[in-house]
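Inspection log for the structure reproduced underneath, given as structure tokens.
The values are calculated or read from the model by the stated rules, or taken from the named source; none is laboratory data. Treat the numbers as computed from the prediction; the structure is a model and nothing was measured. We place every Cβ from the backbone using ideal geometry, glycine too, and count neighbours over all the protein chains shown.
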Amino acid sequence: MRSGTILKPIAELHTFSVRTERAPQFVDITDRVRELVESAGVKRGIVTVFTRHTTAAVRINENEPLLLSDMEEFLKRVAPRELYYRHNDFSIRTENMTEDECPNAHAHCQHLILGASETIPVVEGELALGRWQRIFLVELDRPREREVCVQIIGF
């Protein structure tokens, strides 16, 4: 960048849907995020990838099939679906109930250790991910459409 060059600030918010097939499931969304950053024209900045769900997560990890299976099994061991959870006991639960409510406390508990977002630096127009790093939407509950928000800020 030359001295005296005026950089135009960029701030964009994009959303896209991801259809999941099972839980837990790691869905690689790196290429979609990369395309959004490229189309925004950001050369230096950050991108935050966020899910608007409490039973899905966004994480960075390696896209290696055996590791993904290991991580899915780890999540099942951390908060097994078959345990008793008060959240799933519809005879006592009265808050935040919907007509299609399903027993999913295990997914909320798994979400506690994962989180809803990741922030990645953008350097020279590229996501500054490590060699093996990929961005995943992690389904924790059941197959369905999930929404991913991508906030791009930079110059």
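Between 94, 5, which is free of Cβ contacts under 8 Å to residues at least 40 places away in the same chain, farther than 26 Å from residue 127 by Cβ and of a type outside the set (Lys, Arg)? Don't jump to the end; show me each part of the working.
Working: 5 fails: farther than 26 Å from residue 127 by Cβ.
None of the others qualify; the one that does is 94.
Kindly provide the set of residues from region 90-105 that are surrounded by fewer than 11 Cβ atoms within 10 Å (Cβ to Cβ) and either in contact with a helix residue (DSSP H, G or I) (Cβ under 9 Å, 6 or more places away or on another chain) or not aliphatic (A, V, I, L, M) (or both), ordered by number. It would help to see each step written out before you state the result.
The initial filter retains those residues of region 90-105 that are surrounded by fewer than 11 Cβ atoms within 10 Å (Cβ to Cβ), namely 91-92, 94-100.
Scanning region 90-105 gives 91, 92, 94, 95, 96, 98, 99, 100.
Quick check on residue 45: is it surrounded by fewer than 16 Cβ atoms within 10 Å (Cβ to Cβ) and either modelled with pLDDT of 95 or more or within 30 Å of residue 12 (Cα to Cα) (or both)? So that I can check it myself, show each step before the final result.
Values: surrounded by fewer than 16 Cβ atoms within 10 Å (Cβ to Cβ): no; either modelled with pLDDT of 95 or more or within 30 Å of residue 12 (Cα to Cα) (or both): yes.
Against the criterion (surrounded by fewer than 16 Cβ atoms within 10 Å (Cβ to Cβ) and either modelled with pLDDT of 95 or more or within 30 Å of residue 12 (Cα to Cα) (or both)), residue 45 does not qualify.
Determine which single condition residue 87 fails, assuming it passes every other condition in (1) touching a Lys or Arg at 6+ places or on another chain (Cβ under 9 Å); (2) surrounded by fewer than 15 Cβ atoms within 10 Å (Cβ to Cβ); (3) over 20 Å from residue 135 (Cβ atoms).
All conditions pass for residue 87, except number (2).
With respect to the numbered conditions (1) out of contact with any strand residue (DSSP E or B) (no Cβ under 8 Å at 6 or more places or on another chain); (2) over 23 Å from residue 132 (Cα atoms); (3) of a type outside the set (A, V, I, L, M, F, W, C); (4) modelled with pLDDT of 95 or more, which one is the sole condition not fulfilled by residue 15?
(1)
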